[in-house]
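This report refers to the structure that appears directly beneath it.
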């Protein structure tokens, strides 16, 4: 499915209970900075973005404001209160909409929409460092990709990869399907720098796991067997922390 994914019309879902409507699957763009992967040449970046946004551009959606606005990188020299005050001004002016995230069970209970970034473990479930080498020009030094941790984590990849055979899909598609079928209040935004991976990620929408299939992924990725901290040292100064949420049945 990775290279010949059928044309998929990406459905929309209500994210949370405030009427925010978004695509069922988003696109993470952190990798385009060259921080997580080998830097891309400008033409390749444009090709990827044009291909992705051809499916759902702001013009085609006809929106007058930004639904979801992130404060991803925190400037520690500026008081967080000042940052949030400026973001609130944008909300008050109607330029962006407001959304808050707490823990997953609370989001589910209260109908709070959740955007899942890094749902493939920075490419781990796409085979990064397992079936293909780590990008040589990347600044990413994720603890789970270190030599000791990686040798332990490879077993987890193998389990998910074996489970994907039942659906004739890839390990990354099986992993994304798990996230997609946890509930419509969660919208994953897997990042990529390759067109073939973009198509593969969209292809995960065609995977229809049963409740038993979802539980099998939970059993294949037990939290106490994941090796390495979830925090990325090189991103800590920007206030980024990649938390691992244990699969819950």
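Throughout, read-outs are computed from the coordinates displayed, never taken from laboratory work. None of the values given here were measured: they were computed from a predicted structure. Positions of Cβ are generated from backbone atoms using ideal geometry, with glycine treated the same way; all protein chains shown enter the neighbour counts.
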Expressed in angstrom and rounded, the centroid-to-centroid distance over alpha carbons for segment 157-220 and segment 115-132 is 11 Å
By Cβ neighbour count within 10 Å, fewest first, 198, 49 rank 49, 198
Taking 23, 47, 77 and counting other beta carbon atoms within 10 angstrom, the fewest-first order is 77, 47, 23
